[in-house]
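The values are calculated or read from the model by the stated rules, or taken from the named source; none is laboratory data. Owing to the predicted nature of the structure, the values given are computational and were not obtained by experimental measurement. Virtual Cβ from ideal backbone geometry, glycine too; neighbours counted across all protein chains shown. Ligands, DNA and RNA are stripped out before the accessible areas are found, and what is left, the full protein with its side chains, is counted by its heavy atoms. Shrake-Rupley method; radii C 1.70, N 1.55, O 1.52, S 1.80 Å.
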Amino acid sequence: MSDSTSSTRVLHDKEKKADVITPKTEWASLWISGIIQFFCAIQFTIYFSSLWPYLQQLDPASTESQFGHITAIYSLGQGSSLMVYGIWSKKAQNTSLPVLTGIFMMALGNAVYLLIPIFGIQPYAGMMASRLIMGLGAGIISPLRAYAIQASTKDDRSRAISLNTGGFCLGLLAGPALQILFTPLGYPGIRLFWNFSANIYTGPAIMGILVNLFSAEHERFFALPKYDIIGALICIFSRFVQMFVITNLETIGSPLTMTVFAWTREKAVYYNSMMHIGFGLIGLVYYGANTIWDFSKHLNHRLWTIYGVLLVTLFHLLTYPWWFLPGSIQYQKEYDLVNGTLVKITEPVGCRPTFDWCATTPPINVYVYVFSYIFLIGLAFPIINVTMTVVYSDVIGPRDQGTMQGIILLAGSMARLMGPLFVASFFESSGMKLPWIIEIAMSIGCAMLWIIYYKRMVPLKHGNELKAGDHYKNKFGKVERF
């Protein structure tokens, strides 16, 4: 090797065999990581169906835009802490203390949520503070996700990702299921002490605290070439699109079903929870099957990522309020005629009188919406999660992925931040038409990027995989195989 040429010559494989240590996947640690992700997801999804009805219950003057702020601030907190937890665990060469800190923050956020009616805290401000603190704690998924990549071999990568995201998916399923358990309590529920009651709305926060109480270095690096920045950016954008879509569906899910299908608050809580359970079951079956049989390693991950994105597009096409659909959305009525007497309705259902778009927007079919959400979005989400994550980790290569995993998770958090802010406002002004058009355009654009750059979405080649005559550059100089 010559200093003047700054060349690193790669020897034949036979000369290197003595120095090679066969890496093994650390399954025990990965199971623990998956369990922690399970508890994190419970606290995220258990609020989906009850948050908006509870806000209206505490403050009838609250708006969809305010609800969008409350939903978005969780992602602001998570996005702000993702890189912090990632850098912290990387510097400390340990994930235990960052993860315990995140768990404590999530418990604190649940406690703030419970204190809103007890101390008469302004509902909007109290929920904003609560969700922000919970989001700051939820950033621990960054080191957990990076660990799943680094603690698994390339052959076990898809199984490790399925186990990691499967824990999260099981939490997505368990959250709404636990919410349903509190539905019989109704409102105001059972008064426990002072102004505090256990009811359909405070039950999730109580469960969140219990979950946190219960849930109270690995390196395999080489001198590698630079990864394909275009391939990495397409994966990052795909994560943004995926989380943008699912967050918007979560954000306007309750307002949409209460407006378009004329569901009561309690009915919206129950049926939206059931939809999330169905969504979670589809993902659970996918992750579980892949963890056991590892069928994903036999798939073309690039093609299946495209299929997953197109399933998202198909959902929006099937549930868009096309002009040829019959009927119109029912407006709320303040009074009802009972035995010849006008009686004030305690809980009006249907479209708000201030929503002019309801007069020109046909209602979508409730069965098509529910079926498509459960089976199309429910299948698209785990497919993209596993296949795209495998492609992303392969494009980056077997280097320390803590920072890059933090970046792709940050993209998801930014989508969760931006989506509710815009979509809640769009829903107030134009209903579901504009949000659906935006998401159709984004999903089609995402699929097109994967098709156009299909040949660049491939695993990074390093020294051990080069053929005779291949070469690349890294920070040490030029690497060449003879």
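Observations
- Scope the stretch 419-453; condition over 15 Å from Leu249 (Cβ atoms) and among the polar types (S, T, N, Q); matching residues: Ser425, Ser429, Ser430
- Looking across the stretch 45-62 at every residue that is more than 17 Å from Trp263 (Cα to Cα) and surrounded by fewer than 21 Cβ atoms within 10 Å (Cβ to Cβ), the one that is nearest to the chain's Cα centre (by Cα) is identified as Ser62.
- Of residues in the stretch 306-334 being more than 26 Å from Ser430 (Cα to Cα) and out of contact with any Phe, Trp or Tyr (no Cβ under 6 Å at 6 or more places or on another chain), the one least open to solvent (accessible area, probe 1.4 Å): Gly308
- Selection within the stretch 414-442 - in contact with a Ser or Thr (Cβ under 8 Å, 6 or more places away or on another chain), in a helix (DSSP H, G or I) and within 25 Å of Thr257 (Cα to Cα): Ala415, Arg416, Leu417, Gly419, Pro420, Val423, Ala424, Ser425, Glu428, Lys433, Trp436, Ile440
- Hey, Ile364 among the aliphatic types (A, V, I, L, M) and touching a strand residue (DSSP E or B) at 6+ places or on another chain (Cβ under 6 Å) or not: no
- Matching residues, the stretch 343-355, being in a strand (DSSP E or B) and surrounded by 10 or more Cβ atoms within 10 Å (Cβ to Cβ): Val343, Cys351
- Residue in the stretch 69-86 that is at pLDDT below 80 and buried (at least 24 other Cβ atoms within 10 Å of the Cβ) present: yes
- Scan of the stretch 254-269 for residues that are buried (at least 20 other Cβ atoms within 10 Å of the Cβ) and either part of a helix (DSSP H, G or I) or within 19 Å of the chain's Cα centre (by Cα) (or both), ordered by number: Ser254, Pro255, Leu256, Thr257, Met258, Thr259, Val260, Arg265, Ala268, Val269
- Checked against (1) open to solvent by 10 Å² or more (accessible area, probe 1.4 Å); (2) under 17 Å from the mean Cα position of the chain (by Cα); (3) of a type outside the set (A, V, I, L, M), Gly137 passes all but condition (1).
- Taken together, the residues in the stretch 34-44 that are farther than 10 Å from Phe168 by Cβ and either of a type in the set (Val, Ile, Thr) or touching a Leu at 6+ places or on another chain (Cβ under 6 Å) (or both) amount to 1.
- Verdict on Leu303 being touching a strand residue (DSSP E or B) at 6+ places or on another chain (Cβ under 6 Å) and aliphatic (A, V, I, L, M): no
- Some residue of the stretch 394-409 being under 17 Å from Thr247 (Cα atoms) and in contact with a helix residue (DSSP H, G or I) (Cβ under 9 Å, 6 or more places away or on another chain): yes
- Among residues of the stretch 418-461, those that are open to solvent by 60 Å² or more (accessible area, probe 1.4 Å), of a type in the set (Gly, Ala, Ser) and over 21 Å from the mean Cα position of the chain (by Cα), counted: 1
- Restricting the stretch 41-54 to residues that are assigned to a helix (DSSP H, G or I) and in contact with a helix residue (DSSP H, G or I) (Cβ under 6 Å, 6 or more places away or on another chain), the residue that is farthest from Arg159 (Cα to Cα): Pro53
- Yes/no for Ile246 being at pLDDT 85 or above and over 27 Å from Met105 (Cα atoms): no
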